[in-house]
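**Q** Could you have a look at this structure, given as structure tokens, before my questions?
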Amino acid sequence: MATKTPAEVTPDYWDEACKHLVKRDRVLKKLIPQFGEARLQSRGDAFATLARSIVGQQISVKSAQSVWHRWSALMPRLQPAAVLALDVEAQRGAGLSARKVDYLRDLAEHFSSGQVHVRQWAQMDDEAIVEELVAIRGIGRWTAEMFLIFHLMRPNVMPLDDVGLLKGISENYFSGEPVSRAEAREVGDAWAPYRSVAVWYIWRSLDPLPVDY
């Protein structure tokens, strides 16, 4: 398997974004230098990334990894057509709930029928992509926004439903006091047009290990 070069997996706007955020925001001015060369990275293809997010819903990371390996081993290649051909009982045997089996089938149907416009995503705005993704059963706005950040590496996503982001804003900007979505949005206004980068560093302030999807 060919290894990806860093240019393929790391956003080209990252350094420029960091310079912008350090100038605009007192918290990020201190936070960003703590993480040196660490960067957001994207991996895998769109279908696999979304399937993984469905498999991992409401279970621990360790359990999700285990179920993912068993489920993906049922197919020679992880593709929509292969998922549609899978036996329901075999999938249940791999550890999936009946609901997740339905969700994964719906995801595969959306991809195989062309209801999601993967090749047009580069030209589409964030909200149009979110609209396509949330039409798939089992994918809500939060999952769609994680996909925008981690897979498509869109620079200006502000996931206001993310518990970790709200906690990070609370700790870094409000001395630990609970924050409303409106307050979080206001903090994020100063981060534009690089909200995704700021969010990534706020997450790092809570957990230094980068998350990927």
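**Q** Which one, VAL83, LEU31, TRP71, projects farthest toward the positive side of the charge dipole computed for region 3-97 from Cβ point charges (K/R +1, D/E -1)?
**A** LEU31
**Q** TYR103 accessible area, nearest 10 Å², 1.4 Å probe?
**A** So the heavy atoms of TYR103 present about 40 Å² to solvent.
**Q** Here's a follow-up. Which value, in Å², gives the accessible area per residue of the chain when a 1.4 Å probe is used on the protein heavy atoms?
**A** Per residue, the chain has an accessible area of 55 Å².
**Q** So how far, in whole Å, is the C-alpha centre of region 94-109 from the one of region 134-170?
**A** 21 Å
**Q** For helix 195-206, report the angle its Cα long axis makes with the longest principal axis of the Cα atoms of the chain; keep it between 0 and 90° and round to the nearest 10°.
**A** Helix 195-206 sits at roughly 90 degrees to that axis.
**Q** Counting Lys and Arg as +1 and Asp and Glu as -1, what is the net charge of the other residues whose Cβ lies under 12 Å from the Cβ of ASN172?
**A** Details: positive: ARG26, LYS29, LYS30, LYS167, ARG204; negative: ASP25, GLU171, GLU177.
Around ASN172, the charge tally is +2.
**Q** Helix 61-72: angle to the longest alpha-carbon principal axis of the chain, degrees 0 to 90, nearest 10?
**A** 40 degrees
**Q** Continuing with this model, one more query. About the Cα centre of region 111-159, how large is the charge dipole given +1 on each Lys and Arg Cβ and -1 on each Asp and Glu Cβ? Please answer in debye to the nearest 20.
**A** Values: 4 positive and 6 negative charges, 37 e Å.
Around 180 debye, computed over region 111-159.
**Q** Another question, then. Would you please name the trypsin sites (Lys or Arg not before Pro) within region 64-123 that are DSSP coil residues with at most 15 other C-beta atoms within 10 Å of their C-beta?
**A** On the way: sites: ARG70, ARG77, ARG92, ARG99, LYS100, ARG105, ARG119; in loops: ARG77.
Qualifying residues, ordered by number: ARG77.
**Q** For TYR13 and GLN115, calculate 0.36 nm times their separation in residues minus their Cα-Cα distance, and state this gained length in nm to one decimal. Show your work: numbers first, answer last.
**A** On the way: separation 102, 0.36 × 102 = 36.72 nm, distance 3.00 nm.
Value of the extension gain: 33.7 nm.
**Q** Rounded to the nearest 20 Debye, what is the dipole magnitude of region 43-140 about its Cα centre when Lys and Arg each give +1 and Asp and Glu each give -1 at the C-beta? Walk me through the numbers before you get to the answer.
**A** Numbers: 11 positive and 11 negative charges, 117 e Å.
For region 43-140, the charge dipole is close to 560 debye.
**Q** Using a 1.4 angstrom probe on heavy atoms only, work out the carbon and sulfur share of the accessible area of the chain in %. Before the final figure, lay out each step's value.
**A** Values: 6090 of 11640 Å².
The nonpolar share, carbon plus sulfur, comes to 52 percent.
**Q** Each label point is 7 Å from the Cα along the Cα-to-Cβ direction; what then is the distance between the points at LEU206 and SER60, in nm?
**A** So the two model labels end up 1.9 nm from each other.
**Q** Under a 1.4 angstrom probe, counting protein chains only, how are SER60, SER53 ranked by accessible area, largest first?
**A** Details: SER60 60, SER53 30 Å².
Most to least solvent-accessible, the answer reads SER60, SER53.
**Q** Quote the charge dipole size of region 136-213 about the Cα centre in Debye, to the nearest 20; the model charges only the Cβ of Lys and Arg (+1) and of Asp and Glu (-1). Please list the in-between numbers first.
**A** Values: 8 positive and 10 negative charges, 57 e Å.
For this selection, approximately 280 debye.
The values are calculated or read from the model by the stated rules, or taken from the named source; none is laboratory data. Just so it is clear, the model here is predicted, and its values are computed rather than measured. Glycine also receives a Cβ, built like all others from the backbone with ideal geometry; neighbour counts cover every protein chain displayed. Ligands, DNA and RNA are stripped out before the accessible areas are found, and what is left, the full protein with its side chains, is counted by its heavy atoms. Shrake-Rupley method; radii C 1.70, N 1.55, O 1.52, S 1.80 Å.
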